[in-house]
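Here is the structure we will look at.
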Amino acid sequence: MKVLVIGGGGREHALAWKLKHDEGVSQVFVAPGNAGTARDPDLTNLDITDKVALREWAQAQGVALTVVGPEAPLAAGVVDEFRAHGLPIFGPTKAAAQLESSKAFSKAFMQRHGIPTARYQAFTDPALAHAYVDVEGAPIVIKADGLAAGKGVVVAMTAAEAHEAIDFMLLDNTLGVAHNEGGARVVIEEFLEGEEASFIVLCDGEHALALATSQDHKRLLDADQGPNTGGMGAYSPAPVVTPAVHERAMNEVILPTLRGMAADGIPYTGFLYAGLMITPDGRVKTLEFNCRMGDPETQPIMMRLKSNLTQVLLAATRTGLDRVTLDWDPRVALGVVLAAAGYPLSPRKGDAISGLPSDASDRMVFHAGTTQAGDEVQVSGGRVLCVTALADTVALAQQRAYEVVGGIRFDGMQCRRDIGYRAL
């Protein structure tokens, strides 16, 4: 069967890499893909991004399953377009994707359905937002109400940082946020103490099937310093997600979300990513929802997944997930992101990349912000590569990943040197 993956980042490279190994899959297309998917002889890049054109192409080709990677096509309604023509596609509808595309929608939904989350207020007026920060003080969290490619959250440790973030998001739009209807808006939340984890599940509208636990590193610099990014590395499993935390996440966050969406007339299907804050006493609060898999969490998770992902996702679109189980490699997978010069605010493009190794079963370099220019692979985005390794322990996976990192070169390359330190 033919499978289509929509997107061109590291998450999509990892999904396509996994799907191509599934029994029964004859060809995997990636739209639009990147240099990594272009270099893989088992994958085919497709230079189409318009949802109607993609649907028409999928119909003509007899594509058996489409998997949506990034948030923008979901918010644009690509799932609605495919479903309207009877094409199997895994992802949430445009209405359901508001859980990610609108922070204000998401927070109001959680409040309405009793899902644990931080206190918040939403603002379109900068003066009112600034006044709220003056009253609440810092630390405090400022979020853009719109898609911002993982860069729309500022954890302000001082009031000055909070005021600057408000101006960035409401006045300057320095972060390049895709605003929702009604224009620029921010959500301001209380700062929560604890340890973050990524809790990602598959949903069929009624049932949820949890993927392996994972944890990413959001800050640019070692020891969780510097600005927030889309993610500088991740590992799986995440020891912080104990069996008790896992049970609370499912019973207090995931299942109430599925029931709440159904009750609101918006059944949720697709990947659902709950960013969780786990407090020192083991309680769970929801920081955010994403309507797709995380990046860079996807890369380690896909390297550990042994089940036939194609059949699992087809079950989610047809018969349901209530009788599906997943098989996992017991080893640890750890991924280190290599970022461009100037990332996250002004990544530089065009730098040549050298030293890319060949693929191996326990070591992969997943491409994100790359493009093929003749014989040369070049930087084309902020997060460029995710070097991912499998090993028996966190320490060994970390060592193997950084050995590969040591051989890769491009001007201005940035990476953290401590990915996985929380699990050591």
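Applying 1/(1 + (r/R0)^6) with r as the Cβ-Cβ distance of T319 and A352 and R0 = 45 angstrom yields a FRET efficiency of 0.40.
Highest mobility in the GNM of the chain, judged by mean-square fluctuation with C-alpha springs under 10 Å and restricted to A31, A165, A53, is found for A53.
In this rough spin-label picture, where each label sits 7 Å from Cα along the Cβ direction, the T158-A373 distance is 3.9 nm. Legend: residue pairs K94/K218; K20/K285; K94/K285; K18/K94, Cα-Cα distance threshold 30 Å; pairs beyond threshold, K20/K285. Can you tell me, using C-alpha contacts under 8 Å and at least 6 residues apart, the relative contact order of the chain as a whole percent? RCO, the chain: 16 percent.
What is the percent carbon and sulfur in the accessible area of the range 303-347, measuring with a 1.4 Å probe over the protein chains and ignoring ligands? Please report the intermediate quantities before stating the final value.
Working: 860 of 1880 Å².
Carbon with sulfur: 45 percent of the solvent-accessible area.
Carbon and sulfur: what percent of the range 1-135's accessible surface (1.4 Å probe)? Within the range 1-135, the accessible surface is 50 percent carbon and sulfur. Any chance you could check the Cα centroid distance between the range 366-390 and the range 309-350 for me, in angstrom? If you average the Cα positions of each part, the centres end up 16 Å apart. For the chain, the residue among A38, P73, Q61 whose Cα projects farthest onto the positive side of the dipole built from Cβ charges is Q61. Farthest toward the positive end of the dipole of the chain, out of T298, P139, L313, is the Cα of L313, where the dipole comes from beta carbon charges about the Cα centre. For the chain, the Cβ-based charge dipole about the Cα centre amounts to some 540 debye (Lys, Arg positive; Asp, Glu negative; other atoms uncharged). Placing +1 on each Lys and Arg Cβ and -1 on each Asp and Glu Cβ, with no other charges, gives the range 325-402 a dipole about its Cα centre of roughly 320 debye. The simple Förster model, with R0 at 41 Å and r as the Cβ-Cβ distance, assigns A262 and D50 a FRET efficiency of 0.85. For Rg and Dmax of the Cα atoms in Å, the candidate list reads (i) 24.0, 84; (ii) 20.3, 59; (iii) 22.0, 86; the entry that matches the value derived from this model is (ii). Solvent-accessible area of the range 216-285 (1.4 angstrom probe, protein heavy atoms only): carbon and sulfur portion equals 59 percent. Of A274, A395, A339, which is the most mobile in a GNM of the chain whose springs link Cα atoms less than 10 angstrom apart? Comparing A274, A395, A339 in a Gaussian network model of the chain, the most mobile one is A395.
The values are calculated or read from the model by the stated rules, or taken from the named source; none is laboratory data. Just so it is clear, the model here is predicted, and its values are computed rather than measured. Cβ sites come from the backbone with ideal geometry, for glycine too, and all protein chains shown count toward neighbours. These accessible areas exclude ligands, DNA and RNA; they are computed on the full protein's heavy atoms, side chains included. Shrake-Rupley method; radii C 1.70, N 1.55, O 1.52, S 1.80 Å.
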